[in-house]
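To start, the structure itself, in structure tokens.
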Amino acid sequence: MDTKKPQNIDEYKEWLKEKHGSEISDRTQTYYESVTGRIKSNLEKSDFWIQLTENLKKYDEEYLVKTGYSLLIPEFKPKIYIKPFDSFLLKTFRKNILENKRWPDEPEGEWILPDSWHTKVNDIIRTLFVVKYLDGVEFMIDKIKSLCESRSMECRVFLEAREEGYYAAHVYTKQEFEIPGVNWDTEKIDISIEIQITT
């Protein structure tokens, strides 16, 4: 069995083709962009997103009453971002190869391959909330968790702090989306949405 570890993205593409029959072509990128574009559009129209963005004024007012300070920058409007295909492919390279402690076997949680990789990378769709103060991060986490719970949506939180004062939380929730299938039919899949909250 060939256990040579791919050392760069070109070798990784060859490995995907030879080992898993997955050729990374312009069509792969076009399909990825079609799927992520559909997910972004559907998320923007979803009840969860509409309620979250509509609640921001209420959250800001509640934080102001509690602390005497505003939570958010004036006129703040969150945007939804799509992970570019090259960054996405690089992330699968890291997960499958570079950070895979079980090589040449599959990483924990199985290979991340084109036939299902949209469901296995947790930040292909993400958004960012910037709050003014450190305790505002926890405040926003609690609000998003409550909103998720009221809709029976999964919610996981990871905190990150650095010496220079940067503090952030990554909140992950999942939603079901209807996406174009590989053969341009449609299918329903659960997609993870990353909500980053930072100072």
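Looking at the structure I just gave you, is residue 73 without any contact (Cβ under 8 Å) to a residue 60 or more places away in the chain and within 25 Å of the chain's Cα centre (by Cα)? Spelling it out, residue 73 is indeed without any contact (Cβ under 8 Å) to a residue 60 or more places away in the chain and within 25 Å of the chain's Cα centre (by Cα). In a residue-by-residue description of segment 137-149, the property of being surrounded by 16 or more Cβ atoms within 10 Å (Cβ to Cβ), among the acidic types (Asp, Glu) and at pLDDT 95 or above applies to no position. Those helices (runs of 4 or more DSSP H) of segment 1-105 that lie entirely within it include none in which at least 3 residues are in contact with a Cys (Cβ under 8 Å, 6 or more places away or on another chain). Among the residues making up segment 124-182, those that are more than 21 Å from residue 91 (Cα to Cα) and assigned to a strand (DSSP E or B) are 129, 130, 131, 155, 161, 167, 175, 176, 177, 178, 179, 180.
The set of residues from segment 49-87 being more than 30 Å from residue 113 (Cα to Cα) and among the aliphatic types (A, V, I, L, M) comprises 50, 52, 56, 64, 65, 71, 72, 73. Here residue 119 meets the list (1) under 16 Å from the mean Cα position of the chain (by Cα); (2) over 30 Å from residue 26 (Cα atoms); (3) touching a residue at least 40 places away in the same chain (Cβ under 8 Å) almost entirely, failing just condition (2).
The values are calculated or read from the model by the stated rules, or taken from the named source; none is laboratory data. A quick note: this is a predicted structure, and the numbers were derived from the prediction, not measured. Neighbour counts are summed over all protein chains in view; Cβ atoms, including those assigned to glycine, are modelled from backbone coordinates with ideal geometry.
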